[in-house]
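One structure below.
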Amino acid sequence: MTWLVIQLAFLIALSYALGCFIGYFARRALADPESPPGPALQETANAVSAAAVPLAETSVEPSSPEPAQDSNVASEEMAEVAVVQSEEAAASKADTVGSRPKVLKEPLDGKPDNLKIIKGIGPVIEGKLNALGIYHIWQIADWGAEEVAWVENFLYFPGRIEREEWIRQARQITNADS
């Protein structure tokens, strides 16, 4: 009886390992090479490529020693540069679909709306929309199909705006405020 239990456990473990192996290769074989990677992977790739410096551009020159910089300040500056460059890359990629929505250089009256009151917009997406120049709910309410396609491509969330009805919510909020 004990031998049967050991054999059964071994066969289950072997089946699991074989299934993982087959699943891995099936996923690789069936993956669409033209489909964009997920948003997290794309942002990581953009940040890495933005931070990479070609070897030809670097040079070592004997000079007087520079004062040491705080490593936290330097890493924050690099992170900001990587974010800006990845947003620019996302915007240029998004330009291939739809049309860019009308944006503002800064919020009207110096105070942006709380875009998070729209279901589906969290702090990260609100930050990306603000960085893009979308600060007010009425801006979202004015979007058409072309602007929706552009923003979805920019955010790497196809179908999300329509599925979560951002425009309908924005119009309800702006009509309630009027």
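The values are calculated or read from the model by the stated rules, or taken from the named source; none is laboratory data. None of these values were measured; they are calculated from a predicted model. Every residue, glycine as well, gets a Cβ built from its backbone with ideal geometry; the counts of neighbours run over all protein chains shown. Areas reflect the complete protein model, heavy atoms only, side chains present, ligands, DNA and RNA absent. Shrake-Rupley method; radii C 1.70, N 1.55, O 1.52, S 1.80 Å.
Pairs are defined by a Cβ separation below 7 Å, a sequence spacing of at least 6 or placement on different chains, a first member in region 151-174 that is more than 20 Å from K102 (Cβ to Cβ), and a second member that is open to solvent by 80 Å² or more (accessible area, probe 1.4 Å) and at pLDDT 90 or above; the pairs so defined are E164/K119.
The single condition among (1) over 20 Å from S99 (Cα atoms); (2) acidic (D, E); (3) out of contact with any His (no Cβ under 8 Å at 6 or more places or on another chain) that E146 does not satisfy is (1).
Listed by position, the helices (runs of 4 or more DSSP H) inside region 113-173 whose residues that are exposed (fewer than 15 other Cβ atoms within 10 Å of the Cβ), modelled with pLDDT under 95 and not β-branched (V, I, T) number at least 3 are 123-132.
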